[in-house]
Amino acid sequence: MLYVSFIRIQLGKSSVYSKDTNEIVGVVTQVKQEEEYTVLEIKAEEKVQAFIPESLSIPLGSKVKVEGTFALPDKNTTKGLFNYRNYLLSRGIVWTVEVEKFQILSEKTSFLLFVKDQLSGLLKTRENSEYYQMIIFGDSSSIPESFEEAIRTLGISHLFALSGSHLTFISFFLFYLLRKVFDNEKKVYLIVCILLFGYVSMTNFSVSLIRSYVFFVLFKANRLYHWNFKNTTLFFYILGGFLLYRPWWIYDLGFQYSFLICFYLLVFSKWLSSSNYLISVFKISTMAFLVSAPISMFHFYELHLLSIFWNLLFVPFFTFIIFPICFLGFICPLFDPVFSLLVSLLEMMVSQASSIPFGHLVWMRFPFVWYLLLEVFIYFSFQGILRKNYFYVKVTFLFFLFHFIFPTLRSSVTVTFFDVGQGDSTIIVLPRNEKVIMIDTGVSTDGKRMSREIIPYLKSLGCRKVDSLILTHGDLDHVGDAETLLEHYPVDNILFNANNYSKEELDIYKLAHKEGIQVKKVNQDYLKIGSQRFNVLNRKSVEDENESSLVLYTKLNHFSFLFMGDSTTKEESAIMNEYVLPKVDVFKVGHHGSKTSTSEKLMEQIRPQYAVISVGENNRYGHPTKEVLDRLKESVLYRTDWDGSITFRVKKNKLVIDR
């Protein structure tokens with residue numbers, strides 16, 4: 001079954017739609033507000049995701065007609081980061097639609113969706129409605145991103161995801177009530193199954209909740225109807241059935257965590273059970289932490305060593321206090337003040353716990369097979385503990401230790417020209433992670449690219465901080481995300497150009513001063529960052545930001561790199577008058593390929609082997625211009641709008657390009 005599922009994933013999901021499709025009619029199953037868009041999931045002949053470029057209030061269950069442009073979702077443009085296309089595939093979605101015309105044909109076509117819409121609307125009028133929505137319906141779209149990041153860092157995000165704990169609580173409550181009405185346990189079971197299915201459907205069929213529901217139905221039936229299946233046998237039947245039905249669920253994090261932890265709970269149930277509740281919770285927390293560690297390391301590149309302790313603290317608090325009061329408050333508004341008090345307490349506890357610096361570890365991204373091997377060793381470690389044989393425990397510890405220290409053993413240099421749209425950001429990691437240098441940050445809406453892409457990428461390289469942030473000049477497309485970086489990631493020092501601070505740079509300076517980060521102006525002819533020397537070819541201070549842009553030249557393991565910032569042909573001429581520039585191996589093209597940069601004379605002098613243009617797709621400036629592209633014909637050209645992020649790896653005497 002796993003083999004068949006793998007083949008289906010490789011072949012890709014078939015679809016009744018194509019790029020030529022321009023109109024669908026279907027039922028709205030989910031509505032979210034994201035920035036200036038209303039994002040819908042629409043169930044037509046198959047599910048699609050539709051983007052409406054305005055904020056609209058659309059009832060769930062509405063039958064709608066949508067006209068627009070169909071496109072495949074974007075893949076990740078940086079290797080190893082979140083793949084949006086695979087995420088949508090896990091939800092059964094192949095196509096997205098940029099909506100041009102939108103019409104509601106009728107409302108209330110689905111009773112369950114209508115009920116959910118009414119309940120959601122009612123909850124929105126209540127205090128802490130976002131927490132009601134998250135805990136009951138799994139909708140975290142209104143939860144502050146800082147809170148989500150904090151609970152993920154602490155390793156307790158599973159408490160807030162729809163999972164078996166929800167169904168366990170609800171089923172226990174329903175069984176308790178229905179047994180007072182019906183004597184027949186099988187009849188009670190069937191009624192509970194029907195009611196739980198209604199709840200699962202109102203959560204838009206969350207994968208982890210579907211898993212929990214199917215487990216509940218089949219495991220309970222196995223006992224009631226004496227099927228006599230072993231629990232592990234039933235587990236593998238369910239897993240195989242899920243993957244045969246929709247193999248793309250394997251991309252869903254909830255699916256990965258849910259099935260893996262459930263497997264361990266079944267196999268090691270005797271060892272986990274204890275008459276002492278705290279000992280039992282400690283064992284479960286330890287096991288859940290260790291078995292889910294490879295998944296967290298693979299996707300998020302970080303673990304918190306105190307997660308076991310935080311689970312000991314938060315699991316009872318959430319399970320026996322937050323969760324029941326939330327459902328009581330959902331049913332009866334009289335409990336709202338109590339729930340609000342608990343939410344405030346929860347936020348304070350999460351904030352305090354996440355601010356503790358100890359225990360937060362960053363793990364470099366390894367090949368996928370490494371994590372599979374690590375998972376196998378973890379399994380045999382627990383088997384060994386049962387037999388009092390600790391060989392695999394020691395081996396697993398050594399695997400973790402090697403993984404953690406590997407960045408300090410790596411001899412290669414990596415230079416990544418990050419895809420930040422119409423902007424610039426370059427990351428240089430020296431051998432053995434001696435120093436991590438970032439040249440500019442790019443800009444994005446609310447710094448989301450920095451927090452969701454660039455910082456995770458730094459972690460994937462095993463970088464625990466940025467040693468030097470070099471801001472070539474004060475234009476927004478080069479410094480716009482610097483504040484987000486300072487707020488979410490350790491930075492040792494910032495280097496500005498010699499010009500007067502722009503408004504954006506002044507805000508960065510103030511935040512750096514507040515965070516205790518060292519700030520310097522670059523007015524010397526070279527920088528020494530660790531063992532690496534950067535020649536500063538342009539360091540003048542004039543009113544025009546582009547003319548003041550820092551221009552840096554360095555050699556990394558005998559390969560030369562020239563970073564032009566946004567300098568113009570005027571600065572290029574001044575540089576060539578002052579320096580005799582050698583042939584350059586990698587040339588970061590100035591000013592995104594504007595016609596005011598990259599002169600013919602400069603190209604004749606440096607004759608770059610590789611040229612990189614950092615530029616946004618279909619940008620309004622027309623970058624890069626035909627004139628610049630013509631001048632770069634002798635070079636191997638990479639563009640971030642076409643190639644995504646481009647990484648040059650320098651090891652010994654070899655230069656390897658990875659994109």
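Couple of notes before you dig in:
- The sole residue among PHE417, PHE391, PHE402 that is within 21 Å of TRP363 (Cβ to Cβ) and among the aromatic types (Phe, Trp, Tyr) is PHE402.
- Qualifying residue in the range 151-163 (condition: over 21 Å from ILE210 (Cα atoms) and of a type in the set (D, E, K, R)): yes
- Verdict on LEU290 being open to solvent by 40 Å² or more (accessible area, probe 1.4 Å), within 30 Å of PHE406 (Cβ to Cβ) and of a type in the set (A, V, I, L, M): yes
- The C-beta contact set for the range 63-91 (first residue without any contact (Cβ under 8 Å) to a residue 24 or more places away in the chain, second residue among the acidic types (Asp, Glu), distance under 8 angstrom, 6+ apart or interchain) comprises TYR84/ASP74; ARG85/ASP74.
- Restricting PHE400, PHE404, PHE417, PHE391 to those that are surrounded by fewer than 14 Cβ atoms within 10 Å (Cβ to Cβ) and aromatic (Phe, Trp, Tyr) reduces the list to PHE391.
- For ARG533, the requirement of being open to solvent by 70 Å² or more (accessible area, probe 1.4 Å), of a type in the set (Lys, Arg), within 37 Å of the chain's Cα centre (by Cα) and within 30 Å of SER411 (Cβ to Cβ) is met.
- Unmet requirement for LEU581, which otherwise passes all of (1) farther than 24 Å from ILE427 by Cα; (2) in contact (Cβ under 8 Å) with a residue 24 or more places away in the chain: (1)
- Within the range 348-378, the set of residues being open to solvent by 70 Å² or more (accessible area, probe 1.4 Å), modelled with pLDDT of 90 or more and either charged (D, E, K, R) or not in a helix (DSSP H, G or I) (or both) comprises ARG365, PRO367.
- The residue that is modelled with the highest pLDDT, among those in the range 165-200 that are polar (S, T, N, Q) and exposed (fewer than 15 other Cβ atoms within 10 Å of the Cβ), is ASN184.
- Among the residues of the range 138-164, the one identified as closer than 15 Å to LEU253 by Cα, open to solvent by 60 Å² or more (accessible area, probe 1.4 Å) and in contact with a strand residue (DSSP E or B) (Cβ under 9 Å, 6 or more places away or on another chain) is ARG152.
- Candidates are the residues of the range 237-275 that are modelled with pLDDT under 90 and outside any helix (DSSP H, G or I); the one that is least open to solvent (accessible area, probe 1.4 Å) is ASP252.
- Qualifying positions in the range 387-398 - in contact with a Phe, Trp or Tyr (Cβ under 6 Å, 6 or more places away or on another chain) and either farther than 20 Å from LEU303 by Cβ or of a type in the set (A, V, I, L, M, F, W, C) (or both): VAL395
- Cβ pairs under 7 Å, 6+ apart, first in the range 429-446 and more than 16 Å from PHE648 (Cα to Cα), second in a strand (DSSP E or B) and small (Gly, Ala, Ser): LYS435/SER468
- Taken across the range 144-153, residues that are assigned to a loop (DSSP other than H, G, I, E, B) and of a type in the set (D, E, K, R) do not occur at all.
- Within the range 475-485, the set of residues being surrounded by 21 or more Cβ atoms within 10 Å (Cβ to Cβ) and either at positive phi or in contact with a Leu (Cβ under 9 Å, 6 or more places away or on another chain) (or both) comprises HIS478, VAL479, ALA482, LEU485.
- Just one residue in the set PHE300, PHE215 is in contact with a Cys (Cβ under 9 Å, 6 or more places away or on another chain) and either in contact (Cβ under 8 Å) with a residue 40 or more places away in the chain or open to solvent by less than 20 Å² (accessible area, probe 1.4 Å) (or both); that residue is PHE215.
- For VAL584: the one exception among (1) in contact with a Gly (Cβ under 8 Å, 6 or more places away or on another chain); (2) open to solvent by less than 50 Å² (accessible area, probe 1.4 Å); (3) part of a loop (DSSP other than H, G, I, E, B): (1)
- Candidates ASN204, ASN228 - the one that is on the phi > 0 side of the Ramachandran plot, of a type outside the set (Gly, Ala, Ser) and under 28 Å from the mean Cα position of the chain (by Cα): ASN204
- Restricting the range 430-460 to residues that are of a type outside the set (A, V, I, L, M, F, W, C), open to solvent by 10 Å² or more (accessible area, probe 1.4 Å) and in a loop (DSSP other than H, G, I, E, B), the residue that is modelled with the lowest pLDDT is SER444.
- Any chance GLY442 is touching a strand residue (DSSP E or B) at 6+ places or on another chain (Cβ under 8 Å) and on the phi > 0 side of the Ramachandran plot: no
- Residues of the range 600-659 classified as open to solvent by less than 20 Å² (accessible area, probe 1.4 Å) and either among the hydrophobic types (A, V, I, L, M, F, W, C) or part of a strand (DSSP E or B) (or both), total: 13
- Counting only residues that are part of a strand (DSSP E or B) and more than 11 Å from PHE563 (Cβ to Cβ), the range 413-429 holds 5 of them.
The values are calculated or read from the model by the stated rules, or taken from the named source; none is laboratory data. Please read these numbers as outputs of a predicted model, since none were measured by experiment. Positions of Cβ are generated from backbone atoms using ideal geometry, with glycine treated the same way; all protein chains shown enter the neighbour counts. Remember, those area values only see protein heavy atoms, side chains included, never the ligands or the DNA or RNA. Shrake-Rupley method; radii C 1.70, N 1.55, O 1.52, S 1.80 Å.
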